[in-house]
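For reference, the structure discussed in these notes is given below.
The values are calculated or read from the model by the stated rules, or taken from the named source; none is laboratory data. None of these values were measured; they are calculated from a predicted model. FYI the Cβ positions are ideal-geometry reconstructions off the backbone, even for glycines, and counts take in every protein chain you see. Note: accessible area is taken over every heavy atom of the protein model, side chains too, but ligands, DNA and RNA are not part of it. Shrake-Rupley method; radii C 1.70, N 1.55, O 1.52, S 1.80 Å.
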Amino acid sequence: MSKFEPCTRPEPIQKHESPAVIAEDKDDEEEEKHRLGVDELRRVGESPRVRELLESPQMRELIEQVHKDADPVQAIRVLRQRAEFEQLVQAMLEATESPK
């Protein structure tokens, strides 16, 4: 007859997050603060000024450039130097403001 010891539960593995993962989580939290809600997105989509600006083939081309860029955030920063793109940005910001 062999002698058996009762099973014991192993200690849980301690998960240590690397500084890069922690920084990424903070980035996600910061980004979340700036994300538009459903009502704000609806107001942007219904904005006559935004719609007018998006009718321009040149504006659509600029937006396509942002979509294709490996770093879209940087592409937007560069495009904001152009008056016509900045007009779109400002129109979108105005549209997201709460109605008075």
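Residue ranges 51-63, 84-96 sort as 84-96, 51-63 when ordered by packing (mean number of other C-beta atoms within 10 Å per residue, highest first). With all protein chains kept in place, the per residue accessible area of region 40-100 amounts to 76 square angstrom at a probe of 1.4 angstrom.
Extension gain for LEU36 to GLN65 (0.36 nm times residue separation, less C-alpha to C-alpha distance): 8.2 nm.
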